[in-house]
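Visitor: Sending over a structure as structure tokens; questions will come in a sec.
The values are calculated or read from the model by the stated rules, or taken from the named source; none is laboratory data. Remember, it's a predicted structure, so these values are computed and weren't measured experimentally. Heads up, the Cβs are rebuilt from the backbone with ideal geometry, glycines too, and the neighbour counts pull from every protein chain shown.
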Amino acid sequence: MKGISYITNDANNRKLLAIDLKAFKKHSGEIHEFIDVLVADSRKNDESVSWEDAKFSIRNDL
């Protein structure tokens, strides 16, 4: 997408994402979806928690 650039390190690994503010205004919905995908991908190896355990934890924190 025009207006989005990756900043890479010496090994050409993507490290930063730069979003042109004009592009953000024009394509904000698409950019939010893109960011959601990046976040999901970054968490794909995280330990999962069952819904029941999450509800129990929330109730006990209140």
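Visitor: Restrict the check to the range 2-14 and report whether at least one residue is of a type in the set (A, V, I, L, M, F, W, C) and under 18 Å from the mean Cα position of the chain (by Cα).
Guide: Within the range 2-14, one or more residues are of a type in the set (A, V, I, L, M, F, W, C) and under 18 Å from the mean Cα position of the chain (by Cα).
Visitor: I've got another one for you. Exactly one condition in (1) part of a helix (DSSP H, G or I); (2) without any contact (Cβ under 8 Å) to a residue 24 or more places away in the chain is false for K44; which is it?
Guide: All conditions pass for K44, except number (1).
Visitor: Of all residues in the range 25-52 being among the aliphatic types (A, V, I, L, M) and under 17 Å from the mean Cα position of the chain (by Cα), which is surrounded by the most Cβ atoms within 10 Å (Cβ to Cβ)?
Guide: This residue is I31.
Visitor: Sort through K22, K55, K15 and tell me the only one that's surrounded by fewer than 12 Cβ atoms within 10 Å (Cβ to Cβ) and modelled with pLDDT under 90.
Guide: Of K22, K55, K15, the one residue that is surrounded by fewer than 12 Cβ atoms within 10 Å (Cβ to Cβ) and modelled with pLDDT under 90 is K22.
Visitor: Being touching a helix residue (DSSP H, G or I) at 6+ places or on another chain (Cβ under 7 Å) and not polar (S, T, N, Q) is the requirement here; does G29 meet it?
Guide: Here the answer is no, as G29 does not meet what is asked.
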